[in-house]
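*Asks:* My questions will all concern the structure given below.
Just so it is clear, none of the values below were taken in a lab; they were calculated from the coordinates. This is a predicted model, so every value here is computed, not measured. No Cβ is skipped: glycine too gets one built from the backbone with ideal geometry, and neighbour counts run over all protein chains shown.
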Ligand code: CTP
C-alpha cells in the first residue's frame with residue numbers, strides 16, 4: 001500500500017477516538033493519511049492529536065481563503081486515492097445522500113471523483129431509523145462502499161447494530177478493496193460493445209425503433225472497462241447516464257453503428273448487445289411527410305448485420321466475438337442456430353416474450369458456445385455482465 005493516499009474524514013461521534021488508532025494502523029501499512037475534521041468531530045478529538053498521529057496537517061474550515069488559495073477544496077478532494085469517512089454519523093450519511101455541501105467534509109465528498117468508503121457509527125435506533133436505512137441504500141446504489149457497522153454494546157449503554165468497526169478490520173477491508181480495484185486482468189485488451197436500440201428514420205421526425213434500454217450493453221462495457229480493457233461503447237439512443245468507458249460513440253442508425261464499429265477496430269473483444277433494427281426505410285424522405293388521405297406503404301430494406309460482419313471479417317476480426325439472441329420462442333435452438341449462422345464465438349440467448357427483458361433490471365440467459373451450453377438463472381443485468389466478463393477473462397488469459 002506504499003504511497004496510497006487516504007483522505008480521512010472524521011465526523012462527530014463518540015467513536016471518533018477509534019479514528020486515531022485507525023490512522024496509526026494505516027500509517028503502519030505505509031498509507032499516507034490526510035485528515036479532515038468536522039466541527040462536531042473536533043468535540044471528540046483534537047486537530048493536534050490527529051496531526052501528530054497522521055504526520056500531516058488537518059483541514060477543517062471550508063472558507064479559509066488563505067488555505068483555499070494554497071490547496072483548493074477540489075484539489076484536496078482529488079489528491080487522494082480514496083476517501084474514508086470514519087466515524088460516519090447519520091448526519092453525514094444523509095448529507096451525502098441528498099448532496100448537501102455545507103462544510104468542508106460534505107463539500108469534499110461532493111466534489112470528489114475518488115471512491116468513498118463509509119464507516120458508520122451511531123446509536124442502534126438511529127442506525128435502524130427508516131431514513132438512515134433509505135440513505136444508506138442510496139449511497140450503496142451510488143457505488144459508495146460500507147464497512148460495518150458492527151453489533152455490540154454502545155457507548156450510550158444500549159446494545160445492537162451501530163458500533164464502529166474496529167481499526168484493524170477497517171484497515172484490512174480497505175486493503176481488500178484496493179486489491180479488488182487493482183485487479184485488472186483485461187488490462188492489455190481492447191473491447192468494443194454495442195448497446196441500445198437503433199433508430200431508422202422514415203422522414204426527419206419519424207422513425208422505427210424498439211424498446212431496448214441499453215442497460216445490458218452499458219453494464220457489460222463498464223465491467224470490461226473496470227477489469228482493465230480499453231472499451232469503446234457504441235450506443236444507440238438511450239436515456240442512460242454517461243458510462244465509465246474509454247470512449248463513447250453515440251449513433252442513431254444501424255449503418256452508423258456498423259461504421260463506428262469498423263472505425264474502432266482493431267479490438268480483442270466485441271460484444272454486440274445492441275438491439276439493431278433489422279430493417280431500414282428504403283424510401284426514406286427528406287422532408288416531413290404530409291397526410292395525403294390515402295394509405296401509405298413503407299418499403300423496408302435489410303440492414304447490415306453488425307455481429308455477422310465483424311465475425312466474418314478476414315482481417316482485424318476481434319479474437320472473441322459475442323452476440324445476443326433475443327427470442328420469443330425456441331430459445332435454445334434459435335440461439336445455437338444464430339451462433340453458427342453469424343459466425344460468432346459465444347451467444348447469450350434471452351427470452352424477450354412478454355416484454356420481460358427490455359427496460360428491465362434482470363435477464364435470464366441461455367449461454368451458448370461452439371463447445372457447450374449453459375443455463376444461467378435469473379440475474380440482474382450487472383450480474384450477467386460480471387459472469388460474462390469472468391468468462392471472457394478466463395478465455396483470454398488461458
Ligand atoms: N445484430 C447486429 N446487427 C443486426 C441485427 C442483429 O449486430 N442488424 C446482433 C445483435 O446485436 C445481437 C445478435 O445480432 O447480438 C442477434 O440479434 P437478434 O435481434 O436476436 O437477431 P437477428 O439477427 O436480428 O435475427 P431475428 O430478428 O431474425 O431473430
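*Asks:* Cut-off is 10 Å between beta-carbons; in what order do 208, 281, 365 appear when sorted fewest neighbours first? Let's see the in-between values first.
*Replies:* Values: 208 16, 281 19, 365 26.
Going from least to most buried by this count: 208, 281, 365.
*Asks:* Could you tell me the ratio Rg/Rh of segment 171-314? Both radii from Cα atoms, Rh via Kirkwood.
*Replies:* With Rh from the inverse mean 1/r over Cα pairs, Rg/Rh is 1.12.
*Asks:* Nearest 0.05, what FRET efficiency do residue 309 and residue 248 give at R0 = 30 Å with Cβ-Cβ as r?
*Replies:* Details: r = 21 Å, r/R0 = 0.71.
That gives a FRET efficiency of 0.90.
*Asks:* If you take the square roots of the eigenvalues of the alpha-carbon gyration tensor of segment 158-223 and sort them as a ≥ b ≥ c, do you get rounded (a/c under 1.5), prolate (a/b over b/c) or oblate?
*Replies:* Taking the square roots of the gyration eigenvalues as a ≥ b ≥ c, segment 158-223 is oblate.
*Asks:* As a test of understanding, state the convex hull volume per residue of the chain from its alpha carbons, in Å³.
*Replies:* Convex hull volume per residue, Cα atoms: 203 Å³.
*Asks:* Does segment 324-398 come out rounded, prolate or oblate by the C-alpha gyration tensor, with a ≥ b ≥ c the root eigenvalues, rounded set by a/c under 1.5 and, if not, prolate when a/b is larger than b/c and oblate if not?
*Replies:* Oblate shape, in that a/c is at least 1.5 and b/c is the bigger or equal ratio.
*Asks:* Given a Förster distance of 30 angstrom, what is the FRET efficiency for residue 378 paired with residue 262, based on the Cβ-Cβ distance and rounded to 0.05?
*Replies:* 0.25
*Asks:* Hey, what angle do you get for helix 130-141 against the long axis of the chain, alpha-carbon based, 0 to 90 degrees rounded to 10?
*Replies:* The angle comes out near 60 degrees.
*Asks:* Okay, moving on. Which length gain, in nm to one decimal place, applies between residue 188 and residue 255 when the Cα-Cα distance is subtracted from 0.36 nm times their residue separation?
*Replies:* Once the chain is fully extended between residue 188 and residue 255, it gains 21.2 nm.
*Asks:* Please give the residues of segment 358-398, grouped as numeric ranges, whose backbone N is less than 17 Å from a label point set 7 Å along the Cα-to-Cβ vector of residue 210.
*Replies:* It comes to 358-366, nothing else.
*Asks:* Sticking with this structure for a sec: As a footprinting exposure proxy, order 297, 342 by other Cβ within 10 Å, with the fewest listed first.
*Replies:* 297, 342
*Asks:* Can you give the relative contact order of segment 5-181 as a percent, counting alpha carbon pairs under 8 Å and 6+ residues apart?
*Replies:* 23 percent
*Asks:* Taking the beta-carbon count within 10 Å as an exposure proxy, list 201, 321 from fewest neighbours to most. Display every interim value, and only then the final one.
*Replies:* Numbers: 201 17, 321 25.
Ranked by crowding around the Cβ, least crowded first: 201, 321.
*Asks:* Quick check: the distance between the Cα centres of segment 100-164 and segment 1-54, to the nearest angstrom?
*Replies:* Each part reduced to its Cα centre gives a spacing of 17 Å.
*Asks:* Given the rule -39500 (n - 2.57) for each run of at least 4 DSSP H residues, summed and divided by the residues of the chain, what is its mean residue ellipticity at 222 nm, to the nearest 500 deg cm²/dmol?
*Replies:* -10000 deg cm²/dmol
*Asks:* Suppose we keep just the DSSP beta bridges with both residues in segment 5-181; what percent of those would be antiparallel, to 5?
*Replies:* Around 20 percent of the beta bridges assigned by DSSP in segment 5-181 are antiparallel ones.
*Asks:* While we're looking at this one, here's another question. By DSSP, what percent of the beta bridges with both residues in the chain are antiparallel, rounded to the nearest 5?
*Replies:* The answer is about 35 percent antiparallel.
*Asks:* Please tell me the relative contact order of the chain in percent, rounded to the nearest whole number, where contacts are Cα pairs under 8 Å and at least six residues apart.
*Replies:* 10 percent
*Asks:* Still on this structure: With a ≥ b ≥ c taken as the square roots of the eigenvalues of the C-alpha gyration tensor of segment 242-398, please select rounded if a/c is under 1.5 and otherwise prolate if a/b is larger than b/c or oblate if it is not?
*Replies:* prolate
*Asks:* OK, next. Under the Kirkwood approximation applied to all pairs of distinct alpha-carbon atoms, what is the hydrodynamic radius of segment 101-185 in Å?
*Replies:* Over segment 101-185, the inverse of the mean reciprocal pair distance is 14.4 Å.
*Asks:* Average the reciprocal distances over every distinct pair of alpha-carbons in segment 5-181, invert the result, and give the Kirkwood radius in Å.
*Replies:* 16.1 Å
*Asks:* Evaluate Rg over Rh across segment 20-59, taking Cα atoms for both radii and Kirkwood's formula for Rh.
*Replies:* Details: Rg = 9.7 Å, Rh = 10.1 Å.
Rg divided by Rh gives 0.96.
*Asks:* Pop a pseudo-label 7 angstrom from the Cα along the beta-carbon direction at both residue 203 and residue 125 and give the gap in nm to one decimal.
*Replies:* About 6.7 nm separates the two model spin labels.
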